[in-house]
Structures are given as C-alpha cells and as structure tokens.
1. If I filter the stretch 94-102 for residues that are buried (at least 17 other Cβ atoms within 10 Å of the Cβ), in contact with a Gly (Cβ under 6 Å, 6 or more places away or on another chain) and farther than 30 Å from W174 by Cβ, do I get at least one hit?
2. Mind listing whichever residues of the stretch 193-218 are open to solvent by 90 Å² or more (accessible area, probe 1.4 Å) and at pLDDT 70 or above?
3. Can you tell me which of L180, L136, L158, L173 is outside any loop (DSSP other than H, G, I, E, B), more than 30 Å from D32 (Cα to Cα) and either in contact with a His (Cβ under 7 Å, 6 or more places away or on another chain) or open to solvent by less than 60 Å² (accessible area, probe 1.4 Å) (or both)?
4. Within the stretch 115-131, take every residue that is touching a Ser or Thr at 6+ places or on another chain (Cβ under 6 Å) and under 21 Å from S86 (Cβ atoms) and give me the one that is most open to solvent (accessible area, probe 1.4 Å).
5. Residues to consider are D190, D119; find the one that is at pLDDT below 90 and out of contact with any Lys or Arg (no Cβ under 6 Å at 6 or more places or on another chain).
6. Do the conditions hold for S141, that is, is it among the polar types (S, T, N, Q), open to solvent by less than 70 Å² (accessible area, probe 1.4 Å), touching a residue at least 40 places away in the same chain (Cβ under 8 Å) and closer than 22 Å to P166 by Cβ?
7. I'd like the residue in the stretch 30-66 that is among the hydrophobic types (A, V, I, L, M, F, W, C) and either touching a residue at least 60 places away in the same chain (Cβ under 8 Å) or loosely packed, with under 14 Cβ neighbours inside 10 Å (or both) and, out of all such residues, is nearest to G14 (Cα to Cα).
8. The conditions are (1) within 30 Å of G163 (Cα to Cα); (2) open to solvent by 70 Å² or more (accessible area, probe 1.4 Å); (3) outside any helix (DSSP H, G or I), and I72 fails exactly one of them. Which is it?
Amino acid sequence: MGVRRVIGTGTYLGLPSMIGRSKKAVFSFIKDRIWRRINSWSGRSLSKAGKEVMIKSVLQSIPAYIMSIYLIPDGVVNDIEKMLNSFWWGGGRSNKGIRWLTWERMTMLKKEGGLGFRDFKAFNMAMVAKQGWNFLSKPNSLVSRIFKARYFPHSSYLDSKVGNNPSFVWRSLWKAKEVLKIGSRWSIGDGRSIKVMHEPWLRDKGSRWVGGPQNQETYV
C-alpha cells in the first residue's frame, strides 16, 4: 500500500512520539531550540532590558507547551536555566561572563531582589497539575474518562496510585497531584463524602485538619 515504516523517535504535534529510558535524551530537543534562538541573537548588541524582554517573552515560552504535558527531567531543566543565565550575564558570541547571581535568586520577584524570571521546575509542576485539575473539574471529558478507566477506575484522581506499567504522562500527572492536595480544599456540603480527620478542609494555615486527642482510627 506504499505505507512507510517509521521508527518512533521523532516528534508529533510538537511532542515526543516515544518516551524511552533516557528521558534526558528524549527532551534534549528543547535545549536545542533554545540554543538555536540564543545563537541567532549572538550578533546583536542587546541591553539588559532587551535581554530581559527576550528571555521572558521568547525563551521562556519555548518549553511551555511540553511542560504542560510532561514533567521534564531535572537535568534538562538545569541545563536550560544555565543557558538562560549565561545569556543574561554573557556578551558577544561566546556568552561568557561572570554570573553574579544564581538562577534561583533571579527567579525571585523584583521587590525581593530578583528579576522575576521563571522558575521552570515550579512552572512545570503547576502546568501538569493544571491538567490533573481538569480530571476533577471536568470528569465527563473524553481525556478524563480515558485516564480514569485506565489508572483509577475505583477511586478519585487525588486518591489514585501510580499503578503497574504506567505511561510517562500518567507518572507526571500522578506526581503533580501533590500540588493540588496542598492548594485545594473540600467543599463541605452535607459532609457525607469527607473524612474530617484525614481530609484538608480547614482554612487555618497552621493546621488544615481537625486536631484533638481523639483516636483517629475511630473516624476511618
């Protein structure tokens, strides 16, 4: 029929078509895209203000789509941050210069002494957690029903287990649910579906659970 056999090592719709053992190698194309864009600017004489605009509006947006689906390996994230840090402090084609601040310090708000650049690890976790939130807020959507049928048919997303032989997408979503647990609260209603001794439903910053000398096993 004239159908060619293609090895699944490329990308489809901007996403890797296959996730192998070496996650760093799979997602290395993100670094390549950022590096090519930095090199295309190497001949320009950019001020600090110009570099700030370029980093925030262009370079930081390159991995945003990928980071909304997968949790990128820490090694890839660290390499991206090093490239952006070198671009900020460097000059000319070599981008060599003294790095007066670490990237962690530069991601702080300007009023706190930073430059307001993106913390890619926190951003990545938040973007994937947003997909997990869709499981809770849109349970009847097609993707929610598919993941529920495959990975947590008898529980909720927040109570789900990683399971056997999970995909890399599900591993990312499963890790990101911790972000939702920290930032979400139950709506009490009639209270029938809430374990008040175990579920976070109080607004107090110090303790989000009911405290007391009671035997907790009594309320399971």
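The values are calculated or read from the model by the stated rules, or taken from the named source; none is laboratory data. All values reported here derive from a predicted model rather than from experimental measurement. Heads up, the Cβs are rebuilt from the backbone with ideal geometry, glycines too, and the neighbour counts pull from every protein chain shown. Surface areas here come from the heavy atoms of the whole protein model, side chains and all, with no ligands, DNA or RNA. Shrake-Rupley method; radii C 1.70, N 1.55, O 1.52, S 1.80 Å.
1. No, every residue in the stretch 94-102 fails to be buried (at least 17 other Cβ atoms within 10 Å of the Cβ), in contact with a Gly (Cβ under 6 Å, 6 or more places away or on another chain) and farther than 30 Å from W174 by Cβ.
2. K195, the sole residue that qualifies.
3. L180
4. Ranking the qualifying residues of the stretch 115-131, first place goes to D119.
5. None of the others qualify; the one that does is D190.
6. no
7. A64
8. Single failed check for I72: (2).
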